[in-house]
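Have a look at the structure below before the remarks.
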Amino acid sequence: MVCIREMCPEDYDQKAYVHWKTWRETYTGLMEECYLSSLTLEKCQTLVRRWPQNTLVAELDGKIVGFSCYGHTENDEGEVIAIYLLKEVQGTGLGRKLMNATVAQMTEYPTIGLWVLKGNNQAIGFYEHYGFRLSGREKTGSVGTELWMVYTR
């Protein structure tokens with residue numbers, strides 16, 4: 001049974017594990033190993049406790065297998081800050097359900113954007129299939145070059 005819901009304190013450790021694990025699964029080969037290694041499970045546990053707000057979890061048979069975080073930009077656009085699923089549940093439709101729930105949290109914004117790591121073609125394809133489009137905006141930081149994608153209702 002799949003459930004997409006707001007995260008509660010009892011979920012923190014499972015959400016932290018999914019954060020840590022999905023970064024290893026997603027970004028190995030796309031990001032500098034030294035940066036990737038710096039995101040430890042302990043750091044993810046600290047992050048979830050520091051910023052628990054605006055987080056949805058995807059629960060499958062009582063186990064958290066994904067999460068999303070959302071908010072808004074300084075330009076007053078909605079923003080999908082993060083959306084991750086364990087590799088074992090990717091391709092099952094759960095990502096679309098999680099994205100639907102995330103977008104539903106931002107109904108006051110006519111435009112929603114997100115940053116995606118350049119070269120993360122699987123994620124870019126998922127976002128394009130959902131309706132996001134590359135905007136041409138880029139930023140380069142400690143994780144590499146990221147591309148801004150926009151979804152308009």
Evaluate E = 1/(1 + (r/R0)^6) for Lys63 and Ala104, where r is the Cβ-Cβ distance and R0 equals 35 Å; express this FRET efficiency to the nearest 0.05. 0.90
The local net charge around Tyr84, scoring Lys/Arg +1 and Asp/Glu -1 for residues other than Tyr84 whose Cβ lies under 13 Å from its Cβ, equals +2
Separation between Cα centres of region 59-73 and region 106-127, rounded to whole Å: 16 Å
Residue-normalised value, i.e. accessible area per residue, for region 41-153 at 1.4 Å probe, in Å², stands at 52 Å²
Here Rg/Rh (Cα, Kirkwood) for region 87-129 equals 0.99
Shape of region 3-84, Cα gyration tensor, a/c cut at 1.5: oblate
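So which of Lys15/Lys43; Lys63/Lys97; Lys21/Lys63; Lys15/Lys87; Lys15/Lys63 end up more than 18 Å apart, counting from Cα to Cα?
Values: Lys15/Lys43 12 Å; Lys63/Lys97 16 Å; Lys21/Lys63 14 Å; Lys15/Lys87 15 Å; Lys15/Lys63 10 Å.
Too far apart for the 18 Å limit: no listed pair.
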Which of rounded, prolate or oblate describes region 25-65 when judged by the alpha-carbon gyration tensor and an a/c cut-off of 1.5? oblate
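In whole percent, how big is the carbon plus sulfur part of the accessible area of the chain, probe 1.4 Å, protein atoms only? Could you put the intermediate results ahead of the total?
Numbers: 4140 of 8210 Å².
Result for the chain: 50 percent of the exposed heavy-atom area is carbon or sulfur.
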Tensor-based shape of the chain (alpha-carbon gyration tensor, a/c under 1.5 rounded, otherwise prolate or oblate): rounded
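The values are calculated or read from the model by the stated rules, or taken from the named source; none is laboratory data. Everything quoted here is computed from the prediction, not taken from an experiment. Every residue, glycine among them, receives a Cβ derived from its backbone with ideal geometry; neighbour counts consider all protein chains shown. Accessible surface is based on the protein model in full, side chains and every heavy atom, while ligands, DNA and RNA are left aside. Shrake-Rupley method; radii C 1.70, N 1.55, O 1.52, S 1.80 Å.
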